[in-house]
Each structure stands twice: as structure tokens, then as C-alpha cells.
Amino acid sequence: MRALVISDTHVKRKKDFKELERVIEPFLDGVDVIIHAGDSVTQEVVEFFNGLRPTYIVRGNMDSIDLQHVLPEKIVLDFGHFRVGLTHGWGQASGLRGRVFELFEHDRVDAIIFGHSHQPYMGRKGNVLMLNPGSPTDTRFADRNTVAILEADGELKAEIIDLK
């Protein structure tokens, strides 16, 4: 199983939507699902991703009021033989990994995907893979745009990809 993992797309205007489409298109080949860790901002973006692949998406702090009411704060999904927690995150960037880890502490997950900081991160906390794909469209809080690929084929592995 293979997923395109993104977060913090922050798309509001039509020209930004076209840029998002251009940026992610090269990564769709061979991807089974899209995992979006929040701040899609508009219903149109959610529909766009759902039209490409099955999509798991959680609400972010910058999402429209409509999305805040329909998207969950967190999801635990089966990904191959693994359990993956998905949330956006909240608060300051410092301490974010600890906060999202605590959110899933009773869910027995193998990985936690989160966003919010726009800063790509991949590491481990105990046996749990922690993955923040960064943002493919916004560099307000990071020095580059990124996405991630998550794969499950006997083992769970991820790669953060810098966008040029």
C-alpha cells in the first residue's frame, strides 16, 4: 500500500488551486490513497482530493467553519497491516510532536501523521513513526515545500520529498 501524505495546503484562490494540482500530479502514479493532515481550508479542496484517490482528511485550525463541523479532529486508519493515527495538531511548533503523540497514546498506532507547523519532520518516538509532511504550497513557517510518501509492504516506511 502506498499513500501521498500532505498537509497545510491553504488553498483559497483559483490560481492557488491550479498550483496545488500541478505540484501533486507527479506523485499520484502508484498511490492508493491520499492522506491529508488538515488545513485544506475549503470544501473545494476536499472534493478535489476525493476525486483523485480515496482520501483520509482531518480538520485543521484554518479550515472553513463548514469543514470544522464535518471533518474529524483525528482518525485511526488501517494502512496495510499497520495502524496510522492522523491529526492536524495545534499550538506552537515547539512541543507539537509531544502533543500529537499524547493524543494517540491509547490507540496503539504504528505511526502518527500530523501537520500544523509546515515543517517537515520524520522520526521516531519509541516504536511510533512520527511524520509531518510539511506543506506543498506554503513556506510561511518553513524554508521549503514538501510532501511525503508512506509505504506499507512488510514494514512501514516514509520519505519526505522536497519540491522544486
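What is region 2-162's relative contact order, in percent, from Cα pairs under 8 angstrom and six or more apart in sequence? Show your work: numbers first, answer last.
Working: 366 pairs, mean separation 38.0, N = 161.
Relative contact order for region 2-162 comes out at 24 percent.
Of (i) 1.20; (ii) 1.08; (iii) 0.94, which one was derived for Cα Rg over 2.2 N^0.38 Å from the structure shown?
Among (i) 1.20; (ii) 1.08; (iii) 0.94, the one calculated here is (iii).
Per DSSP H run of n ≥ 4, the term is -39500 (n - 2.57); total these for the chain, divide by its residue number, and report the mean residue ellipticity at 222 nm rounded to 500 deg cm²/dmol.
Working: 4 runs with 35 residues, N = 164.
-6000 deg cm²/dmol, from helical runs alone.
Take each of the peptides 75-86, 33-44, 58-69, average the number of other beta-carbon atoms within 10 Å over its residues, and list them starting from the highest. Before the final figure, lay out the partial values.
Values: 75-86: 18.6, 33-44: 22.8, 58-69: 16.9.
Highest to lowest by the protection proxy: 33-44, 75-86, 58-69.
Run through the DSSP bridge list for the chain and note the antiparallel percent, rounded to the nearest 5. Display every interim value, and only then the final one.
Numbers: 22 of 35 bridges.
Counting only bridges with both partners in the chain, antiparallel ones make up about 65 percent.
Could you tell me what percent of the DSSP beta bridges with both partners in region 1-93 are antiparallel, to the nearest 5?
On the way: 6 of 13 bridges.
Of all bridge pairs located within region 1-93, approximately 45 percent are antiparallel.
Which number gives the lysine pairs in region 2-162 that have C-alpha atoms under 26 Å apart and are eight or more places apart or on different chains? Could you put the intermediate results ahead of the total?
Values: K12/K74; K74/K125; K74/K157; K125/K157.
For region 2-162, qualifying lysine pairs total 4.
Place a +1 charge on the Cβ of each Lys and Arg in region 1-157 and a -1 charge on the Cβ of each Asp and Glu, then give the dipole magnitude about the Cα centre in debye, rounded to the nearest 20. Provide the component values of the computation, followed by the final result.
Working: 19 positive and 23 negative charges, 71 e Å.
The calculated dipole for region 1-157 is roughly 340 debye.
In nm, give the distance between the simple-model label positions of L77 and E19, each being 7 Å from the Cα along the Cα-to-Cβ direction.
That separation, rounded to one decimal, is 2.6 nm.
Just add up the charged neighbours of L71: K/R +1, D/E -1, any other residue whose Cβ is under 11 Å from the Cβ of L71. Write down the numbers at each step before the final one.
Values: positive: R59, K74; negative: D39, D63, D66, E73.
Value of the local net charge: -2.
Through the Karplus equation 6.51 cos²θ - 1.76 cosθ + 1.60, θ set to phi - 60°, convert the phi angles of region 110-122 into ³J(HN,Hα) values in whole Hz; use x for Gly and Pro.
Going residue by residue, I get 8, 8, 10, 9, 8, x, 6, 7, 6, 9, x, 8, 9 Hz, with x marking Gly and Pro.
Could you give the nm distance between label points at D107 and E159, where each point is 7 Å from its Cα heading toward the beta carbon?
Label-label distance for D107 and E159, simple model: 2.6 nm.
Only the coordinates and a few stated rules stand behind these numbers; no lab work does. Values in this document were obtained by computation on a predicted structure and should not be read as measured data. Glycine gets a Cβ as well: all are built from the backbone with ideal geometry, and neighbour counts include every protein chain shown.
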